[in-house]
1. Enumerate the pairs (first residue in region 297-324 and without any contact (Cβ under 8 Å) to a residue 60 or more places away in the chain; second residue anywhere and open to solvent by less than 80 Å² (accessible area, probe 1.4 Å) and among the small types (G, A, S)) with beta-carbon separation below 9 Å, excluding pairs fewer than 6 apart on the same chain, so at least 6 apart or on different chains.
2. Quick one: which of L104, L70 is crowded, with 18+ Cβ neighbours inside 10 Å and either of a type in the set (S, T, N, Q) or not in a loop (DSSP other than H, G, I, E, B) (or both)?
3. Which pairs have Cβ atoms under 6 Å, sit 6 or more apart or on different chains, and link a residue in region 134-145 that is assigned to a loop (DSSP other than H, G, I, E, B) to one that is of a type in the set (D, E, K, R) and open to solvent by less than 40 Å² (accessible area, probe 1.4 Å)?
4. Since R188 meets every condition but one in (1) closer than 26 Å to L298 by Cα; (2) assigned to a loop (DSSP other than H, G, I, E, B), which condition does it not meet?
5. Let me spell it out: the conditions are (1) open to solvent by 20 Å² or more (accessible area, probe 1.4 Å); (2) of a type in the set (G, A, S); (3) in contact (Cβ under 8 Å) with a residue 24 or more places away in the chain, and S201 meets all of them except one. Which number is the exception?
6. Between residues in region 30-46 that are among the polar types (S, T, N, Q) and residues that are in a loop (DSSP other than H, G, I, E, B), which pairs lie under 8 Å by C-beta distance while being six or more apart or on different chains?
7. Does G155 satisfy being small (G, A, S) and either open to solvent by 70 Å² or more (accessible area, probe 1.4 Å) or in contact (Cβ under 8 Å) with a residue 40 or more places away in the chain (or both)?
8. Being in a helix (DSSP H, G or I), of a type in the set (K, R), touching an Asp or Glu at 6+ places or on another chain (Cβ under 8 Å) and within 21 Å of V17 (Cβ to Cβ) is true for just one of R208, R232. Which residue is that?
Amino acid sequence: MGKVLIIGKIPLPIGGVTIHVSRLIYQLRKRGFENFALCDPGRDNALTVLLKLLRHKTIHLHISNPFYQLLLALCCKLLFKRLLITYHGNWGRYNCTGNWAVNLSAWLSFIPIVQNEESFESAGQWNRNARLISTYVPGCSTSILCPQMRLRINGFIKKHQTILCTNAWNLAFDKYGNETYGISGIIRHIGRVPGLALIVSDPSGSYRGYIKDLNGEIPDHVYFISEPHDFRNVLKLSDAFIRNTTTDGVSLSIYEALEYNVPILASAAVSRPSFCKVFNDISEIDWPEELALARINLYLHARNSVLPDAVSEITAIYSECLRG
């Protein structure tokens, strides 16, 4: 009963949640906090998950499926376990049934953890123990790109004047049927501006096929990296990062862009940090002007922006729970 059970998948597959879990585990160990165990539902069968659940008093869930969240919340309530749930997306992003499951799992949990002010306000209506803790966790050393990939990217960069970058862990659509990551919109609108080009981090490979089906081919001003890689390498080579999402929690990549002093353009889907240049509609962007403003905005706000220390906050919660 002396350890926290962290339930979540770790790479592969690559995704924002899996990267958060793997970095959280790395940072906990780096800081000397060893009072945790890991359960990966992608590798452990249902019986193993249940046995691990029974052996631990405090559970921390990192699975985005709202019905899995609700099922585990019910189990923990019946078994008198303390359940922490980190909700990695924006509150209310699912359809009616999914949102109902999220609300109910938050009500049943010991502490729901959310990512932005809007979500915190909503979660607090279901559970007064709700906490606002960023999912940004610094990584370890950057994994370098393989020489062949670096050569291809450098060849693409030499052909264009300004390089934007964006990413999508997978092809996904929101509850209204719109692309969650809005990459086709970026491609369409920057194609009208000479000299602008886009590198898309697409580790699952699903987005490249989608764009090819939409356009009949991959446009000349777009380069897809459709294999696993460390996105921080792409940021280092880019003039700006663009986050054109229709919904969001906390974007790991936004804080990584801040770390590498890369200007950020972000949609107004949720509240954004002050160092981001926020836009409402990508079709209305004046690209030369907005990129210049994004550089100025980063210069003005980056020095006063403090990276979140989510690990310290989570460790404090773990220690509190383990003390009973």
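1. Note: pairs meeting the criteria are N297/S274; L298/A257; L300/S274; H301/S274; N304/S274; S305/S274; D309/S134.
2. On the way: L104 fails: crowded, with 18+ Cβ neighbours inside 10 Å.
Step by step, each of L104, L70 is checked, and only L70 is crowded, with 18+ Cβ neighbours inside 10 Å and either of a type in the set (S, T, N, Q) or not in a loop (DSSP other than H, G, I, E, B) (or both).
3. Here the result reads V137/R23; G139/R23; T142/D230; T142/R232; S143/D230, each pair linking region 134-145 to a residue that is of a type in the set (D, E, K, R) and open to solvent by less than 40 Å² (accessible area, probe 1.4 Å).
4. For R188, the failing item is (2).
5. (1) is the only condition that S201 fails.
6. Pairs that qualify, where the first residue is among the polar types (S, T, N, Q) and the partner is in a loop (DSSP other than H, G, I, E, B), are N35/G2; N35/K3.
7. Values: small (G, A, S): yes; either open to solvent by 70 Å² or more (accessible area, probe 1.4 Å) or in contact (Cβ under 8 Å) with a residue 40 or more places away in the chain (or both): no.
In short, no.
8. Only one candidate qualifies: R232.
The values are calculated or read from the model by the stated rules, or taken from the named source; none is laboratory data. All figures in this text were calculated on a predicted structure; none of them were measured in a lab. Backbone-built Cβ (ideal geometry, glycine too); neighbour counts: all protein chains shown. Note: areas computed on protein heavy atoms with side chains; ligands, DNA, RNA excluded. Shrake-Rupley method; radii C 1.70, N 1.55, O 1.52, S 1.80 Å.
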